[in-house]
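Everything below concerns the one structure shown next.
The values are calculated or read from the model by the stated rules, or taken from the named source; none is laboratory data. Model, not experiment: these values are computed from the prediction. All Cβ positions, glycine included, derive from the backbone under ideal geometry; neighbour counts span all protein chains shown.
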Amino acid sequence: MVRSRRKTLAVEIGPKGMIVRAPMGARDSEIRSFIAQNRGWIEAHLQKAEERQKAAAQVPKLTNGELHALADQALKIIPERVRFYAERIGVTYGRITIRNQRTKWGSCTSQGNLNFNCLLMLAPQEVLDSIVVHELCHRKVMNHSRAFYDEVLRVFPEYPKCQQWLKENGPLLMARME
């Protein structure tokens, strides 16, 4: 369980199991009741997570040579996509770095430096573009507020479809790194 300044109770299902997120002042009885009320949802999602882990274990792993080739490909393609979308969004950016990340598709620093996962080379072009747009929009809004997503959708209306693709297929791509 993780207590924080949040206002509501939430359950998160991830690769390491279930995490309950609770407000600082939430009583243990309130948390137990919340879990009991959501038991069906929790059990279904824990089962899905277990199925995803089994599927990920079956995915062929990339060799160091294959990862290097993906990074080289990304160094050619991603800066081109960043230039294209930065002009459309009307933002500048700093350095572009390609990484072999196990949990993130991209990130943007407060200085405007952009980081991208080389595994994006295994995703469809529009999914890559959605990540590029997401990170560039952080040059206008450095959080995940409604204003941020309004900007993302203004530039890339297909964003929700691409996020769904990543939700469904991303874990299997990430599993190729291990």
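Of all residues in region 70-81, those that are assigned by TED's automatic domain parsing to the domain that holds residue 115 have Cβ atoms under 8 Å from Cβ atoms of residues that are at pLDDT 95 or above and of a type in the set (Phe, Trp, Tyr), 6 or more apart or on another chain, in 74/116; 78/116. If you check 104, 167, 140 for being modelled with pLDDT of 95 or more and of a type in the set (Lys, Arg), only one passes: 140. Considering 159, 93, the condition of being buried (at least 19 other Cβ atoms within 10 Å of the Cβ) and touching a strand residue (DSSP E or B) at 6+ places or on another chain (Cβ under 6 Å) is satisfied by 93 alone. Looking across 40, 65, one residue alone is free of Cβ contacts under 8 Å to residues at least 40 places away in the same chain, exposed (fewer than 11 other Cβ atoms within 10 Å of the Cβ) and within 17 Å of residue 11 (Cβ to Cβ). It is 40. Counting the residues of region 125-143 that are surrounded by 13 or more Cβ atoms within 10 Å (Cβ to Cβ) and assigned to a helix (DSSP H, G or I) gives 12. Against the list (1) in contact with a strand residue (DSSP E or B) (Cβ under 8 Å, 6 or more places away or on another chain); (2) in the same structural domain as residue 168 (by TED's automatic domain parsing), the condition residue 42 fails is (2). Given the criteria more than 30 Å from residue 57 (Cα to Cα) and either among the small types (Gly, Ala, Ser) or assigned to a strand (DSSP E or B) (or both), does residue 170 qualify? Taking the combined requirement at face value, the residue does not satisfy it.
In summary, residue 102 fulfils each of the numbered conditions (1) closer than 15 Å to residue 174 by Cα; (2) part of a helix (DSSP H, G or I) with the single exception of condition (2).
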